[in-house]
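Taking it in order: structure first as structure tokens, then the write-up.
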Amino acid sequence: MAIRSTAARNLAAMRRRGPALMTLAALVALTFSGEAYARQARPAPVTEATAPRAHGDPIMAIVSIKAQKVTFYDAEGWIWRAPVSTGVAGRETPAGVFAVLEKDKDHRSTLYDDAWMPNMQRITWNGVALHGGPLPGYAASHGCVRMPYGFAEKLFDRTYIGMRVIIAPGDVAPVEFSHPALFAPTAEALTGAPSRAAALGREAEDAARIADEAKAAAAAAERDAKSLKASLRKLEQAKARSEAELKFADKKLAAAKTDQARAQAEDAQQKAATKAADAAAQFEAAKSDAVAKLAVAATTKDAAKAAAAKKTETAKTAEEAKLATEPVSVYISRSTQMLYVRRNTHKPARDGGGEVFDTSLESPVTIRDPDRPIGTHIFTAVGQNGAGLRWTAVTIDDGDDAKDALDRITIPKDVLARIAPTAVARSSIIVSDEPLSSETNYRTEFVAVLSNQPQGGFVTRRPTTNADVIASGDEYDDGFGNFFQRSWDGQPVAPQRRRGAPPTYYRPVQPSWW
């Protein structure tokens, strides 16, 4: 009001000095008033800050579109805070639940004129990312989250694939939270999981070594058996020839007419008989020896098969135990009435982008009053305490409060028994009205976008559909994202392909560890 009153008095004074001055003053007053309104409409400026305490690795990042800031949290609270610049109108940064999928220290955009996007941390395969960039003090990006250059560089080596990134319409923060539905593994299970994984890993290594040795022994026995069989064939052929020579000598002896011919035939027949006897003896001895050696070869082959089977079994058990030490992420969708599970295997994706997540468990769940909104809530096990795990909750969309949301959900007991005992710090449960985004695939943690918020920076990017192209660009328009993923209604969608490209019918298969 003070601004408007001052402007009015100035305009009255200028009116007395003439139309030209009045017009000029009006323009100045309008410009001043417009700038003042713009400043009033923008959020209060955020400055970079670091918590004045020792801190651990970040567990989650929360971007506030309203406050134009990002805050990183460890197990004890916030650790870093900085201003950001999110998407402009028409290219808004999507609000929802994401995770770091891929990192590139010195990234260049494949969509926006090779624009430099240093310390890029991708959160969707179609190109939404956190990266260093210019900050004019308001939303100005094409949908990504720009952070101060130095801040982005400082964070780059501290974050990790799978770290939760929450983009909220408002200004929210995690709060301490407890509920009977949250996973509560025993302290023994939490402390014993790493040692069990290590022991099973050593057992798998021993089984692999024994299997390799058995395989080598079986191969050597097989080579010996082949050589022995070849020798037997030669001895058998020699025996047959000597027997044929003896028969010929016998016929010649029977046909002899004179004493001299008979004497010569008898000598030849005697030599042939000796030769045939020797050949038969050599063959029988070799045959007897071969039976024993071939039996050993068969036994060695069977042992190799058994060792290979044990190698496979112990490797699977060791992999399960190793996965059980990784945080488990659970997504429960009111839209699809389904529960989805993810664990990072830390194995690089074969297409060169990101890491592979185990996706082998999905299950229907029961949600009371399924037609009533439940909201979007992120529950995170931030650390371990004497009773098991310590949890926080973040709510980013209207619906039930966090407690009431969990009260409405019933997870099948057998599914809960497979998940809960293996939950560790940094595990999470996400409850949402939304289905999983089509950006969710075997190379991602969960991606869910709030459908009641602007998504311009998300939907204006071309879907990442082609399996033959390696995802390597921010705001990338031809990656791997929608390849046999779930559509917005939770149903499988057919793979798309570039014009002129051959059809692809490949679907990645995940090893089950449950």
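The values are calculated or read from the model by the stated rules, or taken from the named source; none is laboratory data. Values in this document were obtained by computation on a predicted structure and should not be read as measured data. Note: ideal-geometry Cβ built from the backbone for every residue, glycine included; neighbour counts use all protein chains shown. The area values use the complete protein model at the heavy-atom level, side chains included, leaving out ligands, DNA and RNA. Shrake-Rupley method; radii C 1.70, N 1.55, O 1.52, S 1.80 Å.
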* Only one of 268, 263, 318, 280 that is in a helix (DSSP H, G or I) and within 30 Å of residue 225 (Cβ to Cβ) -> 280
* Evaluate the range 139-157: report whether one residue or more is part of a strand (DSSP E or B), open to solvent by 10 Å² or more (accessible area, probe 1.4 Å), under 28 Å from residue 328 (Cβ atoms) and modelled with pLDDT under 95. => no
* Output for the range 223-256, where each listed residue is open to solvent by less than 70 Å² (accessible area, probe 1.4 Å), farther than 14 Å from residue 289 by Cα and among the aliphatic types (A, V, I, L, M) -> 238, 240, 244, 246, 249, 253, 255, 256
* Would you say residue 304 is under 23 Å from residue 186 (Cα atoms) and assigned to a helix (DSSP H, G or I)? -> no
* Would you mention how many residues in the range 424-454 are over 13 Å from the mean Cα position of the chain (by Cα), of a type in the set (Ser, Thr, Tyr) and more than 23 Å from residue 405 (Cβ to Cβ)? => 1
* **Residue in the range 257-264 that is among the hydrophobic types (A, V, I, L, M, F, W, C) and surrounded by 14 or more Cβ atoms within 10 Å (Cβ to Cβ) present** => no
* Asked: Among the residues of the range 374-424 satisfying the criterion of being of a type in the set (Gly, Ala, Ser) and surrounded by fewer than 16 Cβ atoms within 10 Å (Cβ to Cβ), which is farthest from residue 337 (Cα to Cα)?
  -> 386
* Which listed residue, of 173, 184, 208, is at pLDDT 90 or above, part of a loop (DSSP other than H, G, I, E, B), within 34 Å of the chain's Cα centre (by Cα) and of a type outside the set (Phe, Trp, Tyr) -> 173
* Asked: In the range 330-357, which residues are farther than 28 Å from residue 208 by Cα and open to solvent by less than 10 Å² (accessible area, probe 1.4 Å)?
  -> 330, 331, 332, 333, 339, 340, 341, 353
* Among the residues of the range 54-66, how many are open to solvent by 70 Å² or more (accessible area, probe 1.4 Å) and either within 23 Å of residue 143 (Cβ to Cβ) or modelled with pLDDT of 95 or more (or both)? -> 1
* Structure fact -> Filter the range 88-109 for residues that are open to solvent by less than 30 Å² (accessible area, probe 1.4 Å) and at pLDDT below 90; the one that is nearest to residue 131 (Cα to Cα) is 107
* Of (1) in contact with a strand residue (DSSP E or B) (Cβ under 9 Å, 6 or more places away or on another chain); (2) at pLDDT below 90, residue 131 satisfies all except one. Which? -> (2)
* Please determine, by comparing only the residues of the range 291-328 that are among the aliphatic types (A, V, I, L, M) and touching a Lys or Arg at 6+ places or on another chain (Cβ under 6 Å), which one is nearest to residue 391 (Cα to Cα). => 328
* What are the residues in the range 117-138 that are surrounded by fewer than 19 Cβ atoms within 10 Å (Cβ to Cβ) and farther than 28 Å from residue 442 by Cα, if any? -> 134, 136, 137, 138
* Among the listed residues 265, 244, 292, 285, which satisfies the condition of being farther than 30 Å from residue 216 by Cβ and at pLDDT below 90? -> 265
* Residues of the range 275-298 that turn out to be open to solvent by less than 80 Å² (accessible area, probe 1.4 Å) and more than 60 Å from the chain's Cα centre (by Cα), as a count -> 7
* Could you list, in sequence order, all residues of the range 188-222 that are loosely packed, with under 14 Cβ neighbours inside 10 Å and within 21 Å of residue 320 (Cβ to Cβ)? => 188, 191, 192, 195, 199, 202, 206, 209
* To do: Kindly indicate whether any position in the range 239-252 is in contact with a helix residue (DSSP H, G or I) (Cβ under 8 Å, 6 or more places away or on another chain) and touching a residue at least 40 places away in the same chain (Cβ under 8 Å).
  => yes
* Structure fact -> Selection from the range 370-385 of residues in contact with a helix residue (DSSP H, G or I) (Cβ under 7 Å, 6 or more places away or on another chain) and more than 20 Å from residue 59 (Cβ to Cβ) yields 374, 375
